[in-house]
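**Q** One structure, as structure tokens, below. Some questions next.
The values are calculated or read from the model by the stated rules, or taken from the named source; none is laboratory data. A quick note: this is a predicted structure, and the numbers were derived from the prediction, not measured. Every residue, glycine among them, receives a Cβ derived from its backbone with ideal geometry; neighbour counts consider all protein chains shown.
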Amino acid sequence: MDDFDLPLIEQYRLAGEEWVDKDAAARMLEETKSSVMAQRQAALGDIPVNRAEQMVKASQDWFLHLTKIVDAKTMANEAHIKLKYTEMKYYEQQRKDANQRAEMKMLGGTT
């Protein structure tokens, strides 16, 4: 079943869960960034810290790690937009339903 076939409230729940998962992954990468840096510096052996940091930051491996962090944040942001979009659709539907009830009441129909 396609997500769009589900009730809006279920779409919202699923979008929320997706955002939470992706946000957690992005935060984990960000929070462990300094630990990863320290591990990579230590792996270089007994050299001055500033030299080790420069070598790590100049490496393709570090660039790929930073790219992974940015990609994870981007995915989390996209999931958040999906969540907000679903929320907006829900509220739009609520307004349409309320307007329809008001019109029916004005026309003498039942609510």
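**Q** Would you point out which residue out of 78, 87, 92 is closer than 21 Å to residue 21 by Cα, modelled with pLDDT of 90 or more, of a type outside the set (Phe, Trp, Tyr) and out of contact with any Lys or Arg (no Cβ under 9 Å at 6 or more places or on another chain)? Full working, then the answer.
**A** Working: 78 fails: out of contact with any Lys or Arg (no Cβ under 9 Å at 6 or more places or on another chain); 92 fails: closer than 21 Å to residue 21 by Cα.
Just one listed residue meets the conditions, 87.
**Q** Another question, if that's okay. Starting from segment 81-107, take each residue that is in contact (Cβ under 8 Å) with a residue 12 or more places away in the chain and list its partners that are exposed (fewer than 12 other Cβ atoms within 10 Å of the Cβ), counting only C-beta distances under 8 angstrom and pairs at least six apart or across chains.
**A** Final answer for the pair search is 90/9.
**Q** Another question, if that's okay. Only one residue in 23, 61 is surrounded by fewer than 12 Cβ atoms within 10 Å (Cβ to Cβ), among the acidic types (Asp, Glu), touching a Lys or Arg at 6+ places or on another chain (Cβ under 9 Å) and part of a helix (DSSP H, G or I). Which one?
**A** Numbers: 23 fails: surrounded by fewer than 12 Cβ atoms within 10 Å (Cβ to Cβ).
Of 23, 61, the one residue that is surrounded by fewer than 12 Cβ atoms within 10 Å (Cβ to Cβ), among the acidic types (Asp, Glu), touching a Lys or Arg at 6+ places or on another chain (Cβ under 9 Å) and part of a helix (DSSP H, G or I) is 61.
**Q** Among all residue pairs at least 6 apart or on different chains, which show Cβ distances below 8 Å where the first residue, located in segment 9-22, is closer than 9 Å to residue 79 by Cβ and touching a residue at least 60 places away in the same chain (Cβ under 8 Å) and the second is polar (S, T, N, Q) and assigned to a helix (DSSP H, G or I)?
**A** 15/86
**Q** Name the single residue, out of those in segment 46-57 being out of contact with any helix residue (DSSP H, G or I) (no Cβ under 7 Å at 6 or more places or on another chain) and assigned to a helix (DSSP H, G or I), that is farthest from residue 91 (Cα to Cα).
**A** Going through the qualifying residues, I end up with 51.
**Q** Turning to a different aspect of this structure: State the number of residues belonging to segment 26-45 that are part of a helix (DSSP H, G or I) and either surrounded by fewer than 16 Cβ atoms within 10 Å (Cβ to Cβ) or charged (D, E, K, R) (or both).
**A** Start the filter on segment 26-45 by keeping residues that are part of a helix (DSSP H, G or I), which leaves 26-31, 33-43.
Filter once more, keeping what is either surrounded by fewer than 16 Cβ atoms within 10 Å (Cβ to Cβ) or charged (D, E, K, R) (or both): 27-28, 30-31, 33-36, 38-40, 42-43.
Final tally of qualifying residues: 13.
Results for (1) touching a helix residue (DSSP H, G or I) at 6+ places or on another chain (Cβ under 6 Å); (2) not acidic (Asp, Glu), shown as yes or no for each residue.
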| position | (1), (2) |
| --- | --- |
| 62 | yes, yes |
| 72 | yes, yes |
| 81 | no, yes |
| 86 | yes, yes |
| 98 | no, yes |
| 103 | no, no |
